[in-house]
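Enquirer: Sharing a structure with you now.
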Amino acid sequence: MFTNENPALNSDLNDLLSHLEDVFTSEGSTTAAVTADKFLDFARGYLSQHRPSEVFAVDNNYGVLLTNGQRIKLCPTATDEAAVTGGDMANPDTSIPVTRRR
């Protein structure tokens, strides 16, 4: 049975952008002349070659298994685990009462 409490599937996974940056720099692309366009071209080529083959839940996030066997999280780990419950960004209560008042 699948569980997302496995430490190998939680914080040990790189997020997508960190993974792309690691691969980009490991291929010797760390010169001062690196531009955003060069990185984007690399990222498009890398993700075109190594397509997602599986999606899984991980650490209140989604993970992806690429065709080259790399497991990555889509989003970085959240630094603030608490959800917004008040203030301007809070979700309004739009629930419908299911009991009738007397």
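The values are calculated or read from the model by the stated rules, or taken from the named source; none is laboratory data. Values in this document were obtained by computation on a predicted structure and should not be read as measured data. Cβ coordinates were reconstructed from backbone atoms using ideal geometry, including for glycine residues, and neighbour counts include every protein chain displayed.
Enquirer: Can you run down the residue pairs with Cβ atoms below 9 Å, 6 or more apart or on separate chains, where the first is in the stretch 5-18 and at pLDDT below 55 and surrounded by 12 or more Cβ atoms within 10 Å (Cβ to Cβ) and the partner is not in a strand (DSSP E or B) and not basic (Lys, Arg)?
Expert: LEU9/THR3; LEU9/ASP59; ASN10/ASN4; ASN10/ASP59; ASN10/THR77
Enquirer: Restricting to the stretch 37-80, and then to whatever is closer than 21 Å to THR25 by Cβ and among the aromatic types (Phe, Trp, Tyr), can you tell me which residue is nearest to the chain's Cα centre (by Cα)?
Expert: The extreme case among them is TYR46.
Enquirer: Among ASP37, ASP41, which is assigned to a helix (DSSP H, G or I), at pLDDT 90 or above and of a type in the set (Asp, Glu)?
Expert: Numbers: ASP37 fails: at pLDDT 90 or above.
Of the residues listed, the single one that is assigned to a helix (DSSP H, G or I), at pLDDT 90 or above and of a type in the set (Asp, Glu) is ASP41.
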